[in-house]
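A short write-up of the structure that comes next.
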Amino acid sequence: MLLLGTLLHAKQISRSPFELAIAMIVPIVQATLAVYLFRSGAEQHRLLEAAVGAGVMGVWSSVLFGSGGAIQNQRWQGTLEMIMLAPRRPVLVILPITVATGVTGAYSLLATLAWGRLLYGIRLDFVHPAAFVVAAVVCVLALGMFGLLLASTFVLLRNANALANTLEYPIWLVSGMLVPITVLPAWTAPIAAVLPTTWGARALREATTGGPVWPSVGICLAISLVCLILGGFALTYVERRARATATLALA
Amino acid sequence: MGSEYAIEADQLRRTYRGRSGWLRPRRTEVEAVRGISFTVPRGELFGLLGPNGAGKTTTIKMLNTLLIPTSGTARVGGHDVVGQTREVRRRIGYVFGGDRGLYERLSGLDNLRYFAELYGVPPRAQKRRIAELLELVSLTGRERERVEGYSRGMRQRLHIARGLLHSPEVLFLDEPSIGVDPVAARELRRTVADLAANGTTVLLTTHYMAEADELCDRIAVIADGRIQALGTPAELRRRADGRRVVEVEAYGVPETAVSALRDLPGVRETAIEERGALQLLTVQSDAHVDVQGEILRELAGVRLGRVNSREPTLEDAYVAIVNAA
């Protein structure tokens, strides 16, 4: 059920003209940003690493806005009541949606690499190509689980959209997607350590440039599982509250 | 099922609480359902009839677990709708009117596949079940098209197929024929009647009297959050026994004339239905009093069309019940 649900939700999301335009245009901006940032730092050899980092930014943006608004989107479509009526735990109903936002975010990762190759001639020489694929899959799944926590908590907030906007750039920065964590102030380190985005980005970077990929992959998955459990409890509470306050439907 | 009743509602109440304003928040309370009790035996086709805002949808949503009652209890298939949610959900299907509630950018088939998984239809049975339902709702051949290209009637039929995927014991139909053309509505009624004939318990809400009259074994008329009358269509129709109905087609009936008609001796109900420029004035009176002459006198100066005197129908009984609420 999780697999079919994820595939069909990814299909539904990726057929939106708006999502398609975002998936096509934003990666060009991200690839350009990455390339010029690193060229100006005279670090030509790190262009691929920069492109991968920029691609992960795309996955994060997709999960943040897609998962953060997942429940609200279902409500607007009028499908929330129908999916919550299923005789399943709420976590099993919502997880495919949030993982699907990660899957569609993976378009950005691929497109950023493709644009980087086409426009800027970045060579796709991964040190561990197989590990890169595994890390990318884990990163998408992990962000989907993190997205479940976002989905269940954002729905409780009146101004979730405003919060999503303010979270986008700080998480990029703190997770070290574009600039190394080591150049950031020391107080950001504990925040970075508990974010699955940090470990996902790190695993992909290590697979790209060389390094111990699997510990980062493992930590990324472990943190995401904690998010999944917390999100699961939060969703059960949210569902009960929505039934009490009559907020499953729009009307 | 365990219980002889498919649905049991006991003193169900639901109050909606809202808050508006920021600096000076104002709290509002609306009592949508005010103590509703009824039972539906297995296999019965039970209708909930009432005007907009009467509490029909709220009642259905409490019974199908989407809303928690403010007070009172309800059981479906012997399971409590608050405490045994998953047990209830396994046994019910829910179809509502309108064209929302589907994944627009997916095909009809993808929608059905997704909900079949979600509602726990065994993987081996899915293909056959979906094919059966597509046939039942006449969507065979169109199932691979995206829902965004479907007409309203097709969407409604897809809603019904989705509601039946897991062969529910109890089917909640909330105004399923709203916005559906007459031919599709007739098909829909046939499908609902077949389901009931095959043992599915159906709880149907509708505005359409003919639909309720044709389909329902029993009808509860709800108004103002309470059940005002409950019985078979024939029993409800008898509420208007001893009455006569005069219908007058008119153009531009003044409110003063309607008030005057209401005060005529023997007149029990008056109603005006707007049909474009035409107004259909319906006056119910005691059968032994001939009010037609009086009505025409009161409407002197008003342009009139056809005037007709007839026996009361279920709709007249319904109007009488709702107006008395």
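The values are calculated or read from the model by the stated rules, or taken from the named source; none is laboratory data. Values in this document were obtained by computation on a predicted structure and should not be read as measured data. Here the Cβ is made from the backbone with ideal geometry for all residues, glycine too, and neighbour counts use every protein chain on show.
Looking only at residues that are outside any helix (DSSP H, G or I) and in contact (Cβ under 8 Å) with a residue 40 or more places away in the chain in the stretch B:130-149, which one is farthest from the chain's Cα centre (by Cα)? Going through the qualifying residues, I end up with B:ARG146.
Among all residues of the stretch A:137-152, there is at least one that is more than 30 Å from B:TRP22 (Cα to Cα), among the hydrophobic types (A, V, I, L, M, F, W, C), surrounded by fewer than 20 Cβ atoms within 10 Å (Cβ to Cβ) and out of contact with any strand residue (DSSP E or B) (no Cβ under 7 Å at 6 or more places or on another chain).
A quick yes/no check of all residues on (1) surrounded by fewer than 24 Cβ atoms within 10 Å (Cβ to Cβ); (2) at pLDDT 85 or above:
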site: A:MET24; (1), (2): yes, no
site: A:THR32; (1), (2): yes, no
site: A:ALA86; (1), (2): yes, yes
site: A:LEU95; (1), (2): no, yes
site: A:VAL99; (1), (2): no, yes
site: A:LEU109; (1), (2): no, yes
site: A:ARG117; (1), (2): yes, yes
site: A:PHE126; (1), (2): yes, yes
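Suppose the filter is over 17 Å from B:GLU315 (Cβ atoms) and either surrounded by 15 or more Cβ atoms within 10 Å (Cβ to Cβ) or not assigned by TED's automatic domain parsing to the domain that holds B:TYR318 (or both); does B:GLU255 pass it? So B:GLU255 does not fit the description; no.
Kindly check whether there is at least one residue in the stretch A:167-179 that is within 17 Å of the chain's Cα centre (by Cα), in contact (Cβ under 8 Å) with a residue 24 or more places away in the chain and on the phi > 0 side of the Ramachandran plot. Taking every residue of the stretch A:167-179 in turn, at least one turns out to be within 17 Å of the chain's Cα centre (by Cα), in contact (Cβ under 8 Å) with a residue 24 or more places away in the chain and on the phi > 0 side of the Ramachandran plot. Only residues that are outside any helix (DSSP H, G or I), at pLDDT 85 or above, surrounded by 19 or more Cβ atoms within 10 Å (Cβ to Cβ) and in contact with a strand residue (DSSP E or B) (Cβ under 8 Å, 6 or more places away or on another chain) were counted in the stretch B:150-192, giving 10.
Looking at A:THR198, A:THR245, just one residue is of a type in the set (Val, Ile, Thr), surrounded by fewer than 22 Cβ atoms within 10 Å (Cβ to Cβ) and free of Cβ contacts under 8 Å to residues at least 60 places away in the same chain, and that residue is A:THR245.
Does B:ALA212 satisfy the condition of being in a helix (DSSP H, G or I) and either surrounded by fewer than 19 Cβ atoms within 10 Å (Cβ to Cβ) or in contact with a Gly (Cβ under 6 Å, 6 or more places away or on another chain) (or both)? It is true that B:ALA212 is in a helix (DSSP H, G or I) and either surrounded by fewer than 19 Cβ atoms within 10 Å (Cβ to Cβ) or in contact with a Gly (Cβ under 6 Å, 6 or more places away or on another chain) (or both).
For the stretch B:49-96, what are the residues that are within 12 Å of the chain's Cα centre (by Cα) and crowded, with 21+ Cβ neighbours inside 10 Å? Within the stretch B:49-96, B:LEU49, B:GLY50, B:ALA54, B:GLY55, B:LYS56, B:THR57, B:THR58, B:THR59, B:ILE60, B:VAL95, B:PHE96 qualify.
Considering only the stretch B:104-126, I want to know if a residue exists there that is β-branched (Val, Ile, Thr), more than 8 Å from every other protein chain (Cβ to nearest Cβ) and assigned to a helix (DSSP H, G or I). No; the residues of the stretch B:104-126 include none that is β-branched (Val, Ile, Thr), more than 8 Å from every other protein chain (Cβ to nearest Cβ) and assigned to a helix (DSSP H, G or I).
Here A:MET145 fulfils each of the conditions (1) modelled with pLDDT of 85 or more; (2) touching a Leu at 6+ places or on another chain (Cβ under 9 Å); (3) more than 15 Å from A:GLY68 (Cα to Cα) apart from (3).
Scanning the stretch A:182-206 for residues that are touching a helix residue (DSSP H, G or I) at 6+ places or on another chain (Cβ under 6 Å) and more than 20 Å from A:VAL63 (Cβ to Cβ) yields A:THR188, A:GLU206. Counting only helices (runs of 4 or more DSSP H) that sit completely within the stretch A:87-200, those holding 2 or more residues that are over 26 Å from A:PRO212 (Cβ atoms) correspond to A:90-120, A:129-154, A:160-174.
Which of the residues that make up the stretch A:138-159 are among the β-branched types (Val, Ile, Thr) and closer than 11 Å to A:LEU221 by Cβ? Correct list: A:VAL138 only. Scanning the stretch B:215-247 for residues that are of a type in the set (Gly, Ala, Ser), part of a loop (DSSP other than H, G, I, E, B) and over 30 Å from B:GLU31 (Cβ atoms) yields a single hit, B:GLY242. If the condition is being farther than 21 Å from B:ARG189 by Cβ and surrounded by fewer than 20 Cβ atoms within 10 Å (Cβ to Cβ), then the stretch B:217-227 contributes B:ASP224, B:ARG226.
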